[in-house]
Amino acid sequence: MVQDLASRLRGALLRPGDADYEQARQVYNGMINKHPALIARCVDVADVIAAINFARDHQLTLAVRGGGHNGPGLSTCDDGLVIDLSEMKGIRVDPEARTVRVAGGCTWGEVDHATHPFGLATPSGFISTTGVGGLTLGGGIGYLARTFGLTIDNLLGVDIVLADGSFVMASADEHADLFWAVRGGGGNFGVVTSFLFQLHPISTVYGGPMLWPLDQAADVMKFWRDFILNAPEEINGWFGFITVPPAPPFPEQFHLQKMCAIVWCYSGALEQADTLFQPIRAHIPPAVDFAGPIPWPMLQSLFDALYPKGLQWYWKTDFFTDLSDKAIDLHLKYSAQLPTMHSTAHLYPINGAAHRADASDTAFSFRDANFAEVIVGVDPDPANNERMIQWAKDYWMALHPYSSGGGYVNMMMDEGADYVQAAYRDNYARLGEIKATYDPDNLFHVNQNIKPTT
């Protein structure tokens, strides 16, 4: 039976005990320790079709992995079959049309490597080792959201293999219902083997972190809130609470201090950047100021080394329409308790260009929210898990009453159907109907699952 699948694949089929199995089963979050029965390292669409057909026909649990960054480990499973796309790396840039075709196993760092020589980029996230597939299908919040919208707002089409093993192309012109659903609906509808993105002229931006002592955080946070809600769309900056890593380039006197940070990205005319940032620097002068001209791929990968594969991760997330002074007080209370050096809390602005789409234009529904919050307990040592998970939960519980009522699927743990419905709000019913059309038996259920409407 298994040999039959192996004979149908160009890529490797790994089983427990095989030389590469132990490395292949590991995902980004070291907290996840699952043992699939089979890992199909697909190298092309035919491999994906064969693997889907095998899982369906033999009633195996099926998980799909691109970059493997999924927090709750929904890119792997116990005892089932994992479709591993990480060998599917093709990228083709069309500089005249300003588009890029990206295979399903690519990371954003690989996309940046391919597009940067042309002076082009598309909106992605904040860590370049993140997989293109997972980030895109959940929405895609990143440094360019205020300027060019979410990643899904720059998605022109997908190639996708469905639960019945058929291959379709989805775009605004064909399978438009499916194209609507994959723009935010996650991996619920099939395995996306390639993405077509719109590119924009982005090369060297003006960005990087500014840091302030925690006792200035209230003033900095209120300034940032008011500034970013009204700033030109070319400027983005996310707010975070951090513990300063004990390493260069951070000045030694700040090592292991809890501080607040804004990490900027301005993609307008560089000659205007210093003028634009002058009032920011003048309002509350930062203690550490690394903002300046920086190549786009370097900004995208700035934090890769700080967050290597294998750390323990626990996420909590919410959207916010506004950031009241009371909410800011609660952020200050819990950020002062950051439980480990890697643990952090971020607020990402999602206004500007991200607001141009209506809530019903894509599956991603929080088009009225101005901020996405993520609270993350992170550490290398599993012994700290209980403490940092409790901190993240307490922090989230305190802030949730001030939220818009739902979170970002890319930053949720595996928290059940109610959280998934809250993430999609009024779009959930339509997603359930589309799910019933394309995956009526819920073969693709190892994800933030949308149940097919019967």
Can you spot a residue in segment 59-67 that is surrounded by fewer than 23 Cβ atoms within 10 Å (Cβ to Cβ), without any contact (Cβ under 8 Å) to a residue 40 or more places away in the chain and either more than 23 Å from Gly139 (Cβ to Cβ) or not polar (S, T, N, Q) (or both)? yes
Let me spell it out: the conditions are (1) without any contact (Cβ under 8 Å) to a residue 12 or more places away in the chain; (2) under 27 Å from Gly237 (Cβ atoms); (3) among the charged types (D, E, K, R), and Asp112 meets all of them except one. Which number is the exception? (1)
Taking Asp289 as meeting all but one of (1) within 24 Å of Gln257 (Cβ to Cβ); (2) crowded, with 18+ Cβ neighbours inside 10 Å; (3) acidic (Asp, Glu), write down the number of the exception. (2)
Among the listed residues Ser335, Ser343, Ser403, Ser360, identify the single one that is open to solvent by 20 Å² or more (accessible area, probe 1.4 Å), over 27 Å from His175 (Cβ atoms) and not hydrophobic (A, V, I, L, M, F, W, C). Ser403
Can you tell me how many residues in segment 75-90 are in a loop (DSSP other than H, G, I, E, B), of a type outside the set (Val, Ile, Thr) and open to solvent by less than 20 Å² (accessible area, probe 1.4 Å)? 5
So Glu110, is it within 16 Å of the chain's Cα centre (by Cα) and open to solvent by 10 Å² or more (accessible area, probe 1.4 Å): yes
Taking only pairs six or more apart or across chains, which ones have beta-carbon atoms under 9 Å, a first residue in segment 121-149 that is closer than 21 Å to Lys89 by Cβ and assigned to a strand (DSSP E or B), and a second residue that is of a type in the set (Lys, Arg) and modelled with pLDDT of 95 or more? Gly131/Arg65
Taking the condition of being open to solvent by less than 10 Å² (accessible area, probe 1.4 Å) and assigned to a loop (DSSP other than H, G, I, E, B), how many residues in segment 91-107 meet it? 3
Confirm whether Tyr395 is in contact with a Phe, Trp or Tyr (Cβ under 7 Å, 6 or more places away or on another chain), buried (at least 22 other Cβ atoms within 10 Å of the Cβ) and aromatic (Phe, Trp, Tyr). yes
Search segment 178-190 for residues that are under 14 Å from Thr437 (Cα atoms) and touching a residue at least 60 places away in the same chain (Cβ under 8 Å) and pair each with any residue that is open to solvent by less than 10 Å² (accessible area, probe 1.4 Å) and of a type in the set (Lys, Arg) when their beta-carbon atoms are under 7 Å apart and the residues are at least 6 apart or on different chains. Asn188/Lys435; Phe189/Lys435
Give me the residue from segment 143-192 that is open to solvent by less than 10 Å² (accessible area, probe 1.4 Å) and of a type in the set (Ser, Thr, Tyr) and, out of that set, nearest to His346 (Cα to Cα). Tyr143
Please work out which residue is farthest from Gly131 (Cα to Cα), limiting yourself to segment 32-58 and to residues that are assigned to a loop (DSSP other than H, G, I, E, B) and open to solvent by 10 Å² or more (accessible area, probe 1.4 Å). His58
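The values are calculated or read from the model by the stated rules, or taken from the named source; none is laboratory data. What you see is a predicted model, and the numbers here were worked out from it, not measured in a lab. Because the Cβ atoms are built from the backbone with ideal geometry, glycine has one as well, and the counts that use them run over all protein chains shown. In case anyone asks, the SASA skips ligands and DNA or RNA and just uses the protein heavy atoms, side chains included. Shrake-Rupley method; radii C 1.70, N 1.55, O 1.52, S 1.80 Å.
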